[in-house]
Structure formats: C-alpha cells, structure tokens
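Input: a single structure, listed below in structure tokens.
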Amino acid sequence: MSITDNTDFADRGAGRSIDWKMPVAIAVLLGLMVVAPFVAYPIFVMKLLCFALFASAFNMLLGYTGLLSFGHATFFGGAAYATAHAAKVWGLEPLTAILFGTICAAAMGAAMGIVAIRRQGIYFAMTTLALSQMAYFLFLRAPFTHAEDGIQNVPRGRLLGMIDLGETMAMYGLVCAVFLVGMAVIWRIVHSPFGQVLKAIRENEARAISLGYRVDRYKLGAFVMSAALTGLAGSTKALVFQIATLNDVAWHMSGEVILMTLLGGVGTVLGPIVGAGVIVAIQNMFATTGFPVSVIMGAIFVICVMLFRKGIVGTLGQYLRQTRRDPGAKE
Amino acid sequence: MTAHDRTLQQPVAARAALSARGLSKRFGDFQAIDDVTLEVAEGTIHALIGPNGAGKSTLFGLLTKFIPPTSGTITLGGTDITRFKPEEVVRQGMVRSFQISAVFPHLSLRDNVRVALQHKHGLDRQFWLPERRLNALNGEVDALLDKVGLSDLAGRLASEVSYGRKRALELATTLALDPQVMLLDEPMAGMASADIGTIADLIRRSGEGRTIIMVEHNLDVVEDLCDRVTVLARGAVLAEGSFDEIRASQEVRESYMGAGHD
Ligand SMILES: Nc1ncnc2c1ncn2[C@@H]1O[C@H](COP(=O)(O)OP(=O)(O)O)[C@@H](O)[C@H]1O
Ligand SMILES: [Mg+2]
C-alpha cells in the first residue's frame, strides 16, 4: 500500500457518474484514432497506442490491485522477442505470432507471479525487479535473441494470409484493433465481480482475508492477466517496428511504464493512456535534439510526485467533482 | 437454531463452539500470550477484558490464525483448526473484526458489504462478467445496511463517513458472512454514546443463533450483553466467570477495574 494511498479512486461502484462520461471518452478516443495518422506520423501513433495499452495493463495491477511490479519489461520485451521469432524464423501469420507472444508473456507472468506474489509491499516490488533482471540476462545469453543485435527485419506478413501489413495504414488498422480489444478486456476485468474483489484487496488486504478470500489467488490471477495484456502490447510493437531488442526487456522500460501510469493517473481508466501519450511525445520531441531524455523524465517524475500525485486525469477528475459537488448531499 | 432465550438455556450440552488449549505466542523475547485455555459455549456472548497491552487483540489474531501460534491447539465446532490458513478459518464459520476500523475506504458502503457476500454467492472470480451482475445481491446488502442504520448512506464512500458509522459498516460486513462464531475487537470504541446503545442492541440481536466473543472496555456494555467474562492480563487468563463473579473478584479489581469503577 504505497503509492496508491495517495490516489483518489474515481469509481463509486457501478457508478452513475460514468454513464455519460464513458461514451464521450470513447467517442473522442475513436475520433482521435481516425484523425491521428493524417496529422502525425502513423508510426508514432502506433507506438503511442502500444505504450498506452502497456501502461493500461500495468495500471490494472497497480491501480486496481495495489501491486507495484518492477518487472513488467520482461513481459513487454519477452513477448516482443517471441512474436519476432515466430514471425521471422517460423514464418507465422502476424495475428498468430501476436497471440503466441501474448501467451508467452502470460506464462512468464505466471512464473514470476508464483514467486513474487507472497511477498508484501516493497518486497514484492524488489522480487519482481530481481526476477526481471534474471530474465534480462537470460535474454542476453539466449541464442535466439541475438544479444545486442536483437531480432531485426521482422516481417510484418499478411494478416490472415490476405492483408499485407507492409502497408502502413493496414498495420495502423491492426494496431487500433489490438488497442481497442486490449482496452475492452481491461475494462471488463476491472469492472467485473473479480475486479471488485481486486479493489477490496487493494483497499485492505487483511480485511479481504478476514472475509474469506484467498487473496494470493486473486493477485496471481491479476498478475497473469496484466502480464498477458502487456505481452499483447509488446508483441504488437515488435511487428510495428519490425524489431525486438534488449531495450524492451531492460529495467528502465519497467520504470518508464510506472512513470506513464503515475503521470496520467493511477487507478483511472484514461490516465495511463494520457500518461503514455505525454511520455512518448516528449521522447519523440527530444530524440533528435541530442538532449538527454532521461533528464526530462527525471524532472517529470519529480514534478509529478511533488505537485500532482493523482496524475493528470486524477487531478482533472477531482477538480471536476469539486466544482459539481452537491452541497445538499453532505452528511 | 430457533427462538433462542438466554435465560432458559439448556443445562445439558452447552457444547463448546470454540476452544483453545495451551495457546501461547512469543514475539522474540516477549511472551505476548502465555498458555491460554479458553472455552466458549455455543450461543453465548463472551467478553474478553483486560488492560491495554494484555494481549486481547493478539489472542484474536491467534484464534483466527492471522498470527501463527507458538504452541497450543484451537478447535472450532469440533474441528481442529490449528493448522488452518486464516481464510480457511473464515470458511469454517469464524469471522473476526479488527480493533482498527477495517473497511474498504474507496468503495461505497454498498460495495463494502457486497464484497463480503460475493464469495458466498459464487460471484467472486468472474472476470468476464459485468459488474452489474452483482446487483442481484443488492437486496441482501440493503437489508444488512438497514440493520445497522446505514441505508441512507449506501452510495457514499466508506472514507467519507464518520468513525462510528465505519464501525457499524464493519459489523454489517461481518454479519454478511453469517458466521457461527464472531470475534469483535472493541466494536464500540470511539463511538458516540448515542450510537453505543444501537450497536449493543444489534450485537444482542445478531447473537441469536451465534457465538460471539468481544473485546470491550465499557463494563456497562459487558454487564448488559455478555454471558461470561474472561479477564486477560499480561497474556494470561487472570479470571473467568459471570460478570458478577468477575466484579466480585479482588484480584481482578486490583489489576483491571481499578478504583475508578465502583
Ligand atoms: N507483531 C508483534 N510483535 C511484537 N509485539 C507485539 C506484536 N503484536 C502485539 N505485540 C505486543 O503484544 C502485547 C499485546 O498487544 P495487544 O494484543 O494488541 O493488546 P490488547 O489488544 O490487549 O491491548 C503488546 O505489548 C504489544 O506491544
Ligand atoms: Mg487490542
């Protein structure tokens, strides 16, 4: 219970307040997705969508279960390797290759989760970090990852054997579809009977146990689902950039996704998407200037922790609620 | 069990709902619980009293397996639960509340109670179903909230209501599990005196057909509610008996009730 304590969790059960907000948010998001590739580089938008899904999958764990993982790079980059290998060496159809990467990430999630889930708080975070460092060295040594070179020139292939994903807009369509499916799955999990138990565990684990819940099982379930969805994002990214490298399994990738989630607003559905957008945009802006991006990331992190702990979406939401608060409803 | 009348209790088989034998707990060098043997008869309300630091909360932790005992055995309704996990103890029918108010702060009062019901209704692991399926439980939830006088606030977040109401909510959540044995750790601490009567009534009513063990400092409440009293001091049982016997005991008077009470 560390970072999540500071957060104003927006949901009030099967809340009435989301009734109008969700359709509006979805419409805006869809509109942006249609317009974006015409006003920005499609490859940039695709990268953004992959990271937005990554951060959302991570947020499922931090924001809705209260588990801070420092090892999600393993699932993101590991799935990228698996998909790249499947597409390049085995010549698998792209959707199948993505599915393969996702399943591999789920398996890695199960392995890491079984070891880490019993530890509490900071020990959980440290265990995931240690295990993901181990995974990093395994990926570095494994013959199929080609060490520093990575798996390059991954063919995008033909979707279902028909649509050539070499066409930028076809690839963009696939990324959009993956993103929407991934987000829908996350939304469903978070707003399900299972998700309700996860929130209870996040709020007060001892109380959840005292109500008879085997909390380790729920946490492990959430961990594996989060790993799988992270893998979905990593697999898709491998096809977009046609490359899988050590960069995606390194610990700073785990740090980056934490930053995205915190910046956007932990425990909110839109927060990680916004956070990913801001971070990816900043990285792109400074990538060509030679200015050290890590300095900016550090500065953002400090500002985020000191000034708005609820993140962009969390702070906005709080502001909106305060201005609309009905004074008659006071206790 | 049907209409239950405390004054007409059967003299026969006052079967033990819960019993602990030789229960001990060491924290490092510190003997927090020292060879405690305790027997709680089915259908009674049993008070656990004693000065702060006597080990009452620790004993609750041991009985519910939240804290692993150093030695001793625990039997719940004839089943040896000494090696159970805490959640298995709950499934065996014994539920505890906590001394420090234990609610789910960022969930509504309704959701707080509903979470407790989800497992019983087999609606706790479906990640593919929409949350609104849980609305099927709302009738039961509202009845429980009504019992503790919180129906008006069902939609409020638990973090937004007063301390006394959090305690009432906790009681509703515990009752949702319909436990055979209920362990309440200072259920009325920090409550306004107006609310104490309400909660005492509720505990009395919910005691019908159940066994309750409660830690309580308010001796008027203990006298009013409890059939038997165990006094704990420095981790050991100092005395056990009816309220009047305990009040009469010189030893207890010195160690606990002090000069202030009479
Ligand atoms: N986890 C622990 N580690 C060490 N000492 C503890 C622990 N839990 C409780 N104690 C000690 O055990 C004693 C009994 O505490 P507690 O059961 O909370 O008392 P009570 O509920 O009767 O006021 C206290 O002296 C407390 O400091
Ligand atoms: Mg205590």
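Each reported figure results from applying straightforward, stated rules to the coordinates on display, with no laboratory input. What you see is a predicted model, and the numbers here were worked out from it, not measured in a lab. Counting neighbours? That spans all protein chains shown, and the Cβs are built from the backbone with ideal geometry, glycine included.
Taking the C-alpha atoms only, the angle from helix A:193-203 to the longest principal axis of chain A is near 70 degrees.
For chain A, what's the relative contact order in percent, using C-alpha pairs closer than 8 Å and at least 6 residues apart? All intermediate terms of the calculation are to be shown ahead of the outcome.
Details: 511 pairs, mean separation 104.8, N = 331.
Dividing the mean separation by the residue count of chain A yields 32 percent.
Calculated FRET efficiency, B:Glu160 and B:Arg21, Cβ-Cβ r, R0 41 Å, to nearest 0.05? In this case the efficiency is close to 0.40. When each of the peptides A:25-32, A:225-232 is scored by how many other beta carbons lie within 10 Å of its residues on average, the order from highest to lowest is A:225-232, A:25-32.
Relative to the Cα centre, the charge distribution of the protein assembly as shown, modelled as +1 at Lys and Arg Cβ and -1 at Asp and Glu Cβ, gives a dipole magnitude of about 1580 debye. Compared with the dominant Cα axis of chain A, that is its longest principal axis, helix A:18-39 is turned about 30°.
The mean count of C-beta atoms from other chains within 10 Å of the C-beta of residues in B:77-88, rounded to a whole number, is 2. For a straight C-alpha distance cut-off of 17 angstrom, the aspartates and glutamates reachable from A:Lys21 (same-chain residues fewer than eight places away being disregarded) are A:Asp11.
Taking a straight Cα-Cα cut-off under 18 Å and skipping sequence neighbours fewer than 8 places away in the same chain, the lysines within cross-link reach of A:Lys88 are A:Lys237. The Cβ shell under 14 Å around A:Ile209 holds other residues with a net charge of +4, Lys and Arg each +1, Asp and Glu each -1. Peptide B:121-133 has a mean shielding of 6, counted as Cβ atoms of other protein chains within 10 Å of each residue's Cβ. Each Lys or Arg adds one and each Asp or Glu takes one away; over the other residues whose Cβ falls under 14 Å from the Cβ of A:Leu239, this sums to +1.
Counting only aspartates and glutamates at least 8 places from A:Lys47 when in the same chain, those with an alpha carbon closer than 20 Å to its own are A:Asp164, A:Glu167, A:Asp248, A:Glu256. A cut-off of 5 Å between modelled amide H atoms, ignoring neighbours fewer than 5 places along the same chain, links B:Ser71 with B:Ser24.
Let me know the charge dipole size of the stretch A:40-250 about its Cα centre in debye, to the nearest 20, where only the beta-carbon of Lys, Arg (+1) and Asp, Glu (-1) is charged. Spell out each step's value before the answer.
On the way: 15 positive and 9 negative charges, 121 e Å.
It comes to approximately 580 debye.
Any idea how many Lys pairs in chain B come in under 22 angstrom at the alpha carbon, given 8 or more places apart or on separate chains? Going through chain B pair by pair, I get 11. Think of the protein assembly as shown as a dipole: +1 on every Lys or Arg Cβ, -1 on every Asp or Glu Cβ, centred on the Cα centre; then among A:Thr65, A:Phe76, A:Gly271, A:Phe76 lies furthest on the positive end. Between B:Phe30 and B:Lys147, the modelled labels are 3.6 nm apart [label points 7 Å from Cα along Cα→Cβ].
Summing +1 for each Lys or Arg and -1 for each Asp or Glu among the other residues whose beta-carbon sits under 15 angstrom from that of A:Met112 gives +2. If you fit an axis through the alpha-carbon atoms of helix A:215-241 and take the longest principal axis of the Cα set of chain A, what angle between them do you get, 0 to 90°, nearest 10? Helix A:215-241 and the main axis of chain A meet at about 40 degrees.
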